[in-house]
Every structure is written in structure tokens, then in C-alpha cells.
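Readers should treat all values here as calculations from the given coordinates under stated rules, not as data from a laboratory. Since the structure is predicted, the reported quantities are computational estimates derived from the model, not experimental observations. Glycine also receives a Cβ, built like all others from the backbone with ideal geometry; neighbour counts cover every protein chain displayed.
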Amino acid sequence: MLEQKQLSLFGDKPKYRIVSTAEKRSLLAKEGKSWPVCDCCGIEKQWNTSTSQKAGGNWALRCSVIALGHRNRKTPGTYYYNAAHGIGEPGAKTRASQRRLKDTPGTYRYNQKIKGIDQRMQKYIDGTPENIEYLERVKSTWI
């Protein structure tokens, strides 16, 4: 590591070791402390890693980040607004990621889609209660 004199020449701050979220959680568990929560909403705080802080990171409030995201989704012209409303390139990226989730076997969205298809197909399988109801409904339109 560079000497303090050399660091001051380049204007660089000393780099500290990053503490990951998992490491921070285990350090708190060793001390017998729980993960801190926000006073206003009770949501767990977020640990942001950093090499410029001696602690290896800092705490951030999730509620303020969530509120910022909600504000940006409602403000026309922002990236998140465009993504949420399907406008331009951000909207195309969002649609593509949603399509990937829906069409990739093993994901939750894919499993929900297949389950819905199976439920809708029950009316075409002979002998199922849905099929009997469906045939009765069709026959009642004939009369």
C-alpha cells in the first residue's frame, strides 16, 4: 500500500477492505446483535459495501430507496417511468426481461403460466368436473 505522503500527492483516499453483506450479518450475529431496522417503517436496513470507509461499508434505509423508486415510476420522463409504462428502450428492456422470466422453464412465472394453462385445459379433458360443466353450458346454448 502507498504511504500517506504518496497518497496525498495523487489525491487518493486509502482503500479499506470491503465487508460484504454476509460478513456483516455474521459479525453482528457474533456480537449478539440483530440486523438493524428502520425506525419509521420497520424494514431491514441495507448494507452498502465501500472501500472508502473503515467499516467496509455503510447503512442505507430501504424505505427511502423504495420511496424513490415509487416516485420515479410516477414521474414522466424518468427511466423507471418509461420502464414501468413500456416507453422506449427502457420499456423494451423490461418487456424482454419479463418475457424471459415467463418463458424460461423452472422460474416462478413460467410455473404459474403452465399451471394456468393446465387449469384452462381441464374443460377439454373427458370426465373432469370442468368438462362436464363446459359440455352442459354448450348444450344449453343449443336449446
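Based on the alpha-carbon gyration tensor of the range 62-103 and its eigenvalue square roots a ≥ b ≥ c, which shape applies: rounded if a/c is under 1.5, prolate if not and a/b is larger than b/c, or oblate? Oblate shape, in that a/c is at least 1.5 and b/c is the bigger or equal ratio. In a simple Cβ point-charge model (Lys, Arg +1; Asp, Glu -1; nothing else charged), the range 104-143 has a dipole of about 240 debye relative to its Cα centre.
Using Cα-Cα distances under 8 Å and only pairs 6 or more residues apart, what relative contact order does the chain have, in percent? It rounds to 11 percent for the chain. Comparing mean-square fluctuations of Gln98, Gln122, Gln53 from a GNM of the chain with C-alpha springs under 10 Å, the top value falls on Gln122. Using a simple spin-label model with pseudo-atoms 7 Å out from Cα toward Cβ, Glu89 and Lys30 lie 4.5 nm apart. Using the alpha carbons alone, the radius of gyration of the chain stands to its Kirkwood radius in an Rg to Rh ratio of 1.26.
Taking only Cα atoms and a 10 Å spring cutoff, compute GNM fluctuations for the chain and point out the largest among Glu133, Glu89, Glu44. Looking only at Glu133, Glu89, Glu44, the biggest GNM fluctuation is shown by Glu133. Within the shell defined by Cβ-Cβ distances under 11 Å, the residues around Tyr81 carry a net charge of +3, with Lys and Arg each +1 and Asp and Glu each -1. Run the numbers for Ala22 and Asp118: contour at 0.36 nm per residue of separation, minus the present Cα-Cα distance, in nm. Going from the current span to full extension adds 30.5 nm. Working note: 222 nm ellipticity from helices only, DSSP H runs with n ≥ 4, each -39,500 (n - 2.57), summed and divided by the residues of the chain, gives -17500 deg cm²/dmol to the nearest 500. Between Thr107, Thr94, Thr75, the GNM of the chain built on Cα springs shorter than 10 angstrom shows Thr107 fluctuating the most.
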